[in-house]
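Read the structure below first, then the notes.
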Amino acid sequence: MVLRTKTIEYAFPQNEASLAAATSFAFGAITLNIPETTSRTFRSVMVQVTFGDDDAAATNLTSWLIGVQLAAVAFSDVTVTDPVSNTGEQMGFLFTRDITSYFVTNFGAGASQTCGIRITLGGKITMNHTAKLIITYESEEQQTRVKTVKIPLESQVGALTTSLVQVGTNQVPLLDTFLPESTKTFRNIWFEVSGNASTTGVTTATHNLALDAEGADADNSHDNALASDVWYYRQWVRNSMTTSATHQFMASVSNTAGFTFNHQSILLCVTYEYDHTNSTTILNSIQLPLTSKEGMGGTAAGDQTRLRKQFYIEEPATITLVQSGVYLVYSLGQASQATVNVAAGSQADRAYTSVNGSVCGQGSLIQRIDSGGAQGAGITLARGLNTFDLDVYNTDTADIAYPCTGLLFLNYTSGKASGGDGAHNHTTIWQLFHHPDTAGGTVITWSSASLAPIIPETSYWVTDIGFVMQTMTTPATVEKLTLSAAIAAGEKQGDGWETLMVIGSIQTDPELGIYDNYINTNNVFDRYPNEKQDRLDVETARVYRMQNKGGLIWHNLYMMLTYHSITFTKSGTVSGSSGGTVNIGFWRNVGSKQELVDTTSRSGNGAFSITWYDDTETLFAEAKESSTLLGRSDTGTS
């Protein structure tokens, strides 16, 4: 059997209660179902914890403990003692911990295991605590499989009101049919809701959610005694949600005098098992980072910033775009930011309005790009190369919203490849570095030798590769962020650093807050084994370095690697040889250039072939036996 690698997620129900400083809290244990048991190896397991400030006064977070427990094995606790100094405002927090070795040792050989997470937070009263596991593992394929898909819901364009109102129209799909695989068992269903609280006054408010005609489900009251625009995150677990009907997603805020929760980002996440053998149609759910090194451009449509993503689709049968969207994150300026305008492909601009005061974290929104979105489809998918363009601009003349990055949540259905859906496009997550026990300084070096990505297939194509750098920082002191990767011996110059990202000042407000940076590095790393271009090996353990010109930064870094292992044979026949060695190179046209993709050889006349990863673009072969015995084939797809 072929070894495959995949990433799945499991979410714990949110603890909305207030938690006193230095007090332990344990999330209720949940069951992790991972049916692929043969040759299973955990490659990267990360726990992400978030929580909010529940102090009326400005206080520091002095320490944080994250513990994990599998079955009856003792908790493994790690405490980080590194004060996060308050800047006179409320705060939101996000921390991660690498728990790979604990899972390798303690998960066991079975198809399921119970898991608990606990936290202790020093120095502050906190509330609205969440915990989520991001699990990357390798195993042999079998009939029953598990996957996690992420379905974006489109943001409202403005602020919430005190009445529960539907966001969009029946945006929660009928999962029984939206997920086309056979014999599904739903293991974990949750919504991730995030954004900036966008304060307009000094008061408190609850954030309320509901489905259909339900009563409001309120989280803990967001304290706003310090009038702070805090980044927030809510993890709303809905395992009992009916999967045989669509649903209205409803939201409100209890008091608009203090919080408006502008254009909140909503993501429906589903982890489910299915019968692979009897499935004929597959939902492919991938995540592709988008990067702009600048702000949102000018204040009119003609001066917008464009974020572009190119990717290949190689799955068989009909390719159908289903509910998909782009998650856009950006810094909010200190002044009142007027309108962010977003258009995908040929869409008309959609305007998102926000009002800000003292900014303590990023803003975000989700815009759908499928036909069910407010602006219609923003891309038409086809087998082969696809291009996605996102245009953004901001009408505020004072704040250009540095940086502007995001994540494309792309969902499409296809037939099933001959090698099974494990060969399809899929996104894997590899934690390279988690929050340290010191905030760091202007140069931070991360060694990730034990967490180098592993692709078990012999033949593969890297559809997309990027990084997510999560920081908690005081932005006014950060004039520039640079992320670099160390070049290994034999790569490029064989020494030094390859720059992966450079962005300018994050924003103008000097308050501490959460900021995500999504980094597109498609042109840096190898796309397939024995890559002929001058790139870095994606599977090589290497050191990463972050440089910032300015203040302290708490940080987390992980890689998002999307690849497929669907292959095709490109072949030809040598004739007219004198019987010597014929060296053959395969080339393809890339824009106005020609790119060597592979080489082979044979003795004398006869057939030759290579393995390639696309059958929609044309290639040609050049053969040389001597200075007089040489030739070129026609271009073709086979």
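The values are calculated or read from the model by the stated rules, or taken from the named source; none is laboratory data. Bear in mind the structure is a predicted one, so any value in this text is a computation, not a measurement. Cβ sites come from the backbone with ideal geometry, for glycine too, and all protein chains shown count toward neighbours.
Which of the residues spanning the stretch 201-245 are buried (at least 17 other Cβ atoms within 10 Å of the Cβ), among the hydroxyl-bearing types (Ser, Thr, Tyr) and part of a loop (DSSP other than H, G, I, E, B)?
Result: Thr203, Thr206, Ser221, Ser228, Thr243.
Among residues belonging to the stretch 378-433 that are aliphatic (A, V, I, L, M) and in a loop (DSSP other than H, G, I, E, B), point out the one that is farthest from Phe42 (Cα to Cα).
Step by step, filter the stretch 378-433, then rank; the result is Ala398.
Yes or no: Ser565 farther than 30 Å from His426 by Cα and at pLDDT 95 or above?
Here the answer is no, as Ser565 does not meet what is asked.
So is Ser163 farther than 17 Å from Glu36 by Cβ, outside the structural domain of Asp53 (by TED's automatic domain parsing) and surrounded by 21 or more Cβ atoms within 10 Å (Cβ to Cβ) or not?
no
Condition (residue is touching a His at 6+ places or on another chain (Cβ under 6 Å) and under 23 Å from Gln14 (Cβ atoms)) applied to the stretch 75-96: is it met by at least one residue?
So far as the stretch 75-96 goes, yes, one or more of its residues are touching a His at 6+ places or on another chain (Cβ under 6 Å) and under 23 Å from Gln14 (Cβ atoms).
Whether any residue in the stretch 117-126 is assigned to a loop (DSSP other than H, G, I, E, B) and within 25 Å of the chain's Cα centre (by Cα) is what I want to check.
Looking for residues that are assigned to a loop (DSSP other than H, G, I, E, B) and within 25 Å of the chain's Cα centre (by Cα), one finds none in the stretch 117-126, hence no.
List pairs: first residue in the stretch 92-103 and closer than 11 Å to Trp64 by Cα, second residue among the small types (Gly, Ala, Ser) anywhere in the structure, Cβ distance under 8 angstrom, at least six positions apart or on different chains.
Close Cβ pairs (under 8 Å, with a partner that is among the small types (Gly, Ala, Ser)) amount to Phe93/Gly52.
Identify all residues within the stretch 89-116 that are of a type in the set (Phe, Trp, Tyr) and outside any strand (DSSP E or B); write none if there are none.
Within the stretch 89-116, Tyr102, Phe103, Phe107 qualify.
Filtering the stretch 500-509 down to residues that are buried (at least 17 other Cβ atoms within 10 Å of the Cβ) and modelled with pLDDT under 85, which residue is nearest to Asn356 (Cα to Cα)?
Among residues in the stretch 500-509 that are buried (at least 17 other Cβ atoms within 10 Å of the Cβ) and modelled with pLDDT under 85, the one nearest to Asn356 (Cα to Cα) is Asp509.
Please find, within the stretch 517-545, the residue that is modelled with the highest pLDDT out of those that are under 11 Å from Ala486 (Cα atoms) and outside any loop (DSSP other than H, G, I, E, B).
Leu536
Across the stretch 280-310, which residue is surrounded by the most Cβ atoms within 10 Å (Cβ to Cβ) among those that are assigned to a loop (DSSP other than H, G, I, E, B) and among the polar types (S, T, N, Q)?
Applying the filter and picking the extreme gives Thr299.
So the check is Cβ under 7 Å with 6+ separation or different chains; which pairs have a first residue in the stretch 1-12 that's part of a loop (DSSP other than H, G, I, E, B) and a second one that's modelled with pLDDT of 95 or more and among the aromatic types (Phe, Trp, Tyr)?
Phe12/Phe27
Does Ala541 count as in contact (Cβ under 8 Å) with a residue 24 or more places away in the chain and touching a helix residue (DSSP H, G or I) at 6+ places or on another chain (Cβ under 7 Å)?
Considered against the rule, which asks whether it is in contact (Cβ under 8 Å) with a residue 24 or more places away in the chain and touching a helix residue (DSSP H, G or I) at 6+ places or on another chain (Cβ under 7 Å), Ala541 comes out as yes.
Taking into account only those residues within the stretch 275-302 that are touching a Phe, Trp or Tyr at 6+ places or on another chain (Cβ under 7 Å) and among the aliphatic types (A, V, I, L, M), which is farthest from Glu36 (Cα to Cα)?
Ala300
Quick one: how many residues across the stretch 356-381 are under 30 Å from Gly513 (Cα atoms), within 21 Å of the chain's Cα centre (by Cα) and not small (Gly, Ala, Ser)?
Here the count works out to 6.
Per-residue answers, yes or no, for (1) outside the structural domain of Gln14 (by TED's automatic domain parsing); (2) among the charged types (D, E, K, R); (3) farther than 30 Å from Ala111 by Cβ:
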position: Ser228; (1), (2), (3): yes, no, yes
position: Arg238; (1), (2), (3): yes, yes, no
position: Thr243; (1), (2), (3): yes, no, no
position: Asn255; (1), (2), (3): yes, no, yes
position: Thr260; (1), (2), (3): yes, no, yes
position: Asp275; (1), (2), (3): yes, yes, no
